[in-house]
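Structure, as structure tokens:
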Amino acid sequence: MVVEQELATKASPGLTCNIAAHLPRMAQLVPDQSAVVIGRKSTGSARGRYEQLTFAELESLSNRYANALVVRGFEPGGRVLVMIRPGFDFIAVTFALFKIGAVPVMIDPGMGLRRMFDCLRSVDIHGFVGISLAHVMRGLRPEVFRSVRAMVTVAAHGLPGAASLSRIASRCDDRFDLLRTAPTDTAAILFTSGSTGPAKGVVYEHGMFDAQVRMIQSCYGIEPGEIDLPAFPLFALFSTAMGMTSVIPPMDPSRPGRADPAKIVRTLLDWNVTSTFGSPAVWKKVAAYGSAAGAKLPSLRRILIAGAPVPPATIAALHRMLSPDADVFTPYGATESLPVSSIGGREILADCADRTRRGAGICVGRELAEVDVKIIRVVDEPIETWTDGLVVPEGELGEIVVAGPMVTRHYFGHPRADALSKIIDGDRVWHRIGDVGYRDTEGRLWFCGRKSQRVVTPTGTLYADQCEAIFNEHPDVHRSALVGIGERGRQKPVLIVEPRARRKSATEKSKWKAELLALARENPRTRDMTAVLFHRDLPVDVRHNAKIHRETLAAWAARRAE
């Protein structure tokens with residue numbers, strides 16, 4: 001009870017709000033509790049397959065790293081590229097950077113070298129902490145790293161220009177007084193996945209991170225001492241801050257769609273995991289594995305799935321693996337504003353799934369406490385200042401905008417993106433998420449599709465996630481994508497389908513196409529659609545392996561139409 005009361009205390013709005021303060025607090029309150037757990041190759045009992053650090057050990061390691069980073073010239077305010085695999089070092093180094101007041105820069109390695117270098121050019125980094133392989137990049141594009149003043153590697157041995165952090169840390173004190181930072185001081189720069197355009201650096205402040213910890217813990221009733229399996233590396237930092245044990249999953253976080261569901265399930269069972277977060281790509285595989293193997297996950301209290309819409313069938317399959325009092329939650333938000341709203345899977349299946357199948361969109365629930373959500377008219381131009389006249393009548397479709405303590409204020413070095421995505425309202429900022437949706441009569445938000453991916457025909461506007469759900473009910477459809485060909489306002493809608501079975505004859509495809517067009521005619525939203533194309537593997541984003549790259553498919557469809 002003492003731990004819960006201590007963690008429930010809100011961060012002071014005064015002089016200091018360093019997000020790293022959560023780690024020494026937990027090390028003091030529960031020093032012997034496991035903080036981070038990772039698998040190892042050795043065999044033995046279930047728990048014997050893992051290595052772990054307690055909160056006291058993680059705090060000690062992080063402090064030694066903080067001292068070592070200072071010795072190597074890392075400074076408060078310096079932007080530091082972090083490229084470390086999930087595990088002890090990733091968490092300890094990130095908290096160490098927060099402690100010294102440096103600004104970690106996080107980029108998805110899965111986006112490819114060219115796009116990664118573009119991101120780095122936009123940030124002008126001052127420091128670099130990475131594995132040996134990451135340091136190879138310096139030789140590929142030395143000009144990108146010209147601004148770097150301090151470099152270390154987490155390898156056991158140093159590299160040219162980059163000393164071994166662990167070797168330096170072994171000679172450092174395990175005590176460190178973290179820098180006092182204001183809530184508005186920059187804490188980190190997290191790059192968006194770039195799923196609908198160039199990746200942008202989102203500037204997070206210490207107060208924003210602190211608000212996220214408070215809001216997530218309150219919304220889902222997370223208690224200190226729980227066991228978490230974060231299938232998205234950054235959420236291991238939140239787990240640590242909330243006093244949970246983080247069990248690092250056996251998967252490549254840059255390719256969640258390739259995760260082995262049997263290994264995920266085994267890890268969940270080995271540690272009696274109570275909470276987990278991941279991409280739909282991971283949980284669709286776990287759900288299919290559970291259905292085939294009859295696997296159960298009795299210790300889980302909650303599964304959080306975010307990054308893309310989750311099919312009701314996946315939610316239903318996961319529920320069959322859970323205990324009756326557990327649930328599957330689908331939090332909604334963006335890198336620039338998370339969390340915004342949430343809804344439980346039981347409510348989805350009981351009250352929303354049928355409406356989704358008929359083209360109503362995807363229900364993303366009610367906004368969290370401290371969050372303010374509005375629906376404004378759909379425009380592509382910047383909106384400089386907020387007025388209540390922007391808001392559409394209740395129940396009408398519009399762009400979703402959000403304000404709250406977790407909403408980021410700007411991008412790094414990207415004034416055009418700021419102009420298109422931020423609306424100034426006195427001392428607060430509204431973020432234009434770029435999604436179109438509406439609020440139903442019960443006050444819940446519904447997501448219909450990305451504004452940039454809407455298809456505007458001579459007879460009306462179509463939104464991808466409303467229309468695709470209609471066709472995804474066909475048993476042979478793995479997933480589908482709505483795109484438009486031509487000039488907006490006179491676009492031709494095209495449905496692109498990825499089959500469940502990779503090979504179909506021309507006769508089968510012709511019959512299948514007729515069935516899909518019959519489905520289209522039965523729904524007023526899609527009755528004017530006449531074009532269907534087949535694609536063996538729809539391209540998806542690098543972060544969640546779930547968001548469909550409709551812009552890429554639109555260009556592909558246009559070439560097919562030539």
Under 5 Å, built H, 5+ apart or other chain: amide partners of Gly449
Val436, Asp465
Which net charge results when you count Lys and Arg as +1 and Asp and Glu as -1 among the other residues whose beta-carbon is under 11 Å from that of Val265?
+2
Tell me which trypsin sites (Lys or Arg not before Pro) from region 130-164 have a DSSP coil assignment and no more than 11 other beta carbons within 10 Å of their own.
Arg146
Could you run the Karplus curve 6.51 cos²θ - 1.76 cosθ + 1.60 with θ = phi - 60° over region 174-184 and give me ³J(HN,Hα) per residue in whole Hz, x for Gly and Pro?
9, 10, 7, 8, 5, 5, 7, 10, 7, x, 8
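Cβ neighbours within 10 Å, averaged per peptide: list 74-80, 513-519 in order, most packed at the top. List each step's numbers first, then the result.
On the way: 74-80: 18.9, 513-519: 14.7.
Answer by packing, highest mean first, reads 74-80, 513-519.
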Determine ³J(HN,Hα), in whole Hz, for all residues of region 548-556 in sequence, where each value follows from phi through the Karplus function 6.51 cos²θ - 1.76 cosθ + 1.60 and θ = phi - 60°; x replaces Gly and Pro.
6, 7, 5, 4, 5, 5, 5, 5, 4
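Counting pairs of alpha carbon atoms under 8 Å apart in space and at least six apart in sequence, what relative contact order in percent does the chain give?
Numbers: 1183 pairs, mean separation 61.5, N = 562.
Answer for the chain is 11 percent.
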Regarding region 274-359, what's the average projected area of the Cα-atom convex hull, expressed in nm²?
5.8
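Relative contact order for region 256-306: what is it in percent, counting Cα pairs under 8 Å that are at least 6 residues apart?
Numbers: 54 pairs, mean separation 25.4, N = 51.
So the answer I get is 50 percent.
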Whole-Hz Karplus ³J(HN,Hα) for region 210-223, in order, using 6.51 cos²θ - 1.76 cosθ + 1.60 and θ = phi - 60°, x for Gly and Pro?
4, 5, 4, 4, 5, 6, 5, 5, 6, 4, 9, x, 6, 10
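Calculate what fraction, in whole %, of the accessible area of region 182-302 sits on carbon and sulfur atoms when a 1.4 Å probe is rolled over the protein chains.
Details: 1940 of 3680 Å².
Carbon plus sulfur share of accessible area: 53 percent.
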Which residue, Ala162, Tyr204, Gly87, has the largest displacement toward the positive end of the dipole of the chain when charges sit on each Cβ (Lys, Arg +1; Asp, Glu -1)?
Ala162
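In what order, largest first, do Asp541, Asp32 sit by accessible area if the probe radius is 1.4 Å?
Numbers: Asp541 5, Asp32 130 Å².
The ordering from most to least exposed comes out as Asp32, Asp541.
Ranked from the most accessible area to the least, with a 1.4 Å probe and all protein chains present, what is the order of Cys172, Cys352? Provide the component values of the computation, followed by the final result.
On the way: Cys172 30, Cys352 0 Å².
Result, largest first: Cys172, Cys352.
What is region 421-562's relative contact order, in percent, from Cα pairs under 8 angstrom and six or more apart in sequence?
Values: 216 pairs, mean separation 24.0, N = 142.
17 percent.
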Just how much of Cys17 is accessible, in Å², when a 1.4 Å probe is used and the result is rounded to the nearest 10?
10
For the chain, with +1 on Lys and Arg beta carbons and -1 on Asp and Glu, the positive-most of Gln217, Pro458, Leu113 along the dipole:
Leu113
Per the 1.4 Å probe, what fraction of the accessible area of region 408-562, in percent, lies on carbon and sulfur atoms?
49
Rounded to the nearest 5, the percent of antiparallel DSSP beta bridges in the chain equals 60
If amide H atoms are built 1.01 Å from N in the plane of the peptide, which residues on other chains or at least 5 residues away come under 5 Å of the amide H of Ala531?
Leu495
Evaluate the distance, in nm, between pseudo-label points positioned 7 Å from the Cα of Glu487 and of Thr530 along their respective Cα→Cβ axes.
2.1
About the Cα centre, charge dipole magnitude for region 318-407 (Lys/Arg +1, Asp/Glu -1 at Cβ), debye
540
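Using 0.36 nm per residue, how much length does the chain from Ile424 to His478 gain when fully extended, once their Cα-Cα distance is taken away?
Details: separation 54, 0.36 × 54 = 19.44 nm, distance 4.17 nm.
The span from Ile424 to His478 would gain 15.3 nm if fully extended.
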Roughly how many Å² of Glu468 are accessible to a 1.4 Å probe, to the nearest 10?
10
Quick check: residue separation of His157 and Thr552 times 0.36 nm, minus the Cα distance between them. What number comes out in nm?
137.9 nm
Measure nothing fancy, just the Cα-based angle from helix 88-100's long axis to the longest principal axis of the chain, in degrees from 0 to 90, nearest 10.
70
Which order do you get for Lys99, Lys200, Lys509 if you rank them by accessible area with a 1.4 Å probe, largest at the top?
Lys509, Lys200, Lys99
Could you give the accessible area per residue of the chain, probe 1.4 Å, as a whole number in Å²?
42
Cut-off 17 Å, label 7 Å out along Cα→Cβ of Ala369, residues of region 324-349 by amide N:
339-343
Within region 299-369, what percent of beta bridges assigned by DSSP are antiparallel, to the nearest 5?
60
Which of Phe128, Phe235, Gly294 sits farthest toward the positive end of the charge dipole of the chain, with +1 on the Cβ of Lys and Arg and -1 on the Cβ of Asp and Glu?
Gly294
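Helix-only estimate, please: 222 nm mean residue ellipticity of the chain, summing -39500 (n - 2.57) across DSSP H runs of length 4 or more and dividing by its residues, to the nearest 500.
When only DSSP H runs of four or more count, the value is -9000 deg cm²/dmol.
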Calculate, in nm to one decimal, what Asp173 and Asp351 gain on full extension: separation in residues at 0.36 nm each, minus their alpha carbon distance.
58.4 nm
Mind putting a number on the dipole of the chain about its Cα centre? Charges go on the C-beta only, +1 for Lys and Arg and -1 for Asp and Glu, and I need it in Debye to the nearest 20.
2200
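So if I place +1 on the C-beta of Lys and Arg and -1 on the C-beta of Asp and Glu, and nothing else carries charge, what would the dipole magnitude of region 69-217 be about its Cα centre? I want it in debye, nearest 20. Please list the in-between numbers first.
Values: 17 positive and 12 negative charges, 78 e Å.
Value, rounded to 20: 380 debye.
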Alpha carbon convex hull of region 59-104, projected area averaged over orientations, nm²
2.7
Near the amide H of Ser246, under 5 Å away, which other amide H atoms are found, from residues 5 or more places off or on another chain, if H is placed in the peptide plane?
Val36, Val37, Asp228
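The values are calculated or read from the model by the stated rules, or taken from the named source; none is laboratory data. On a predicted model such as this, the values are computed, not experimentally measured, just so you know. Ideal geometry is used to build each Cβ from the backbone, glycine not excepted, and the neighbour counts take in all protein chains shown. Side chains are part of the model used for accessible areas, which takes the heavy atoms of the whole protein and leaves out ligands, DNA and RNA. Shrake-Rupley method; radii C 1.70, N 1.55, O 1.52, S 1.80 Å.
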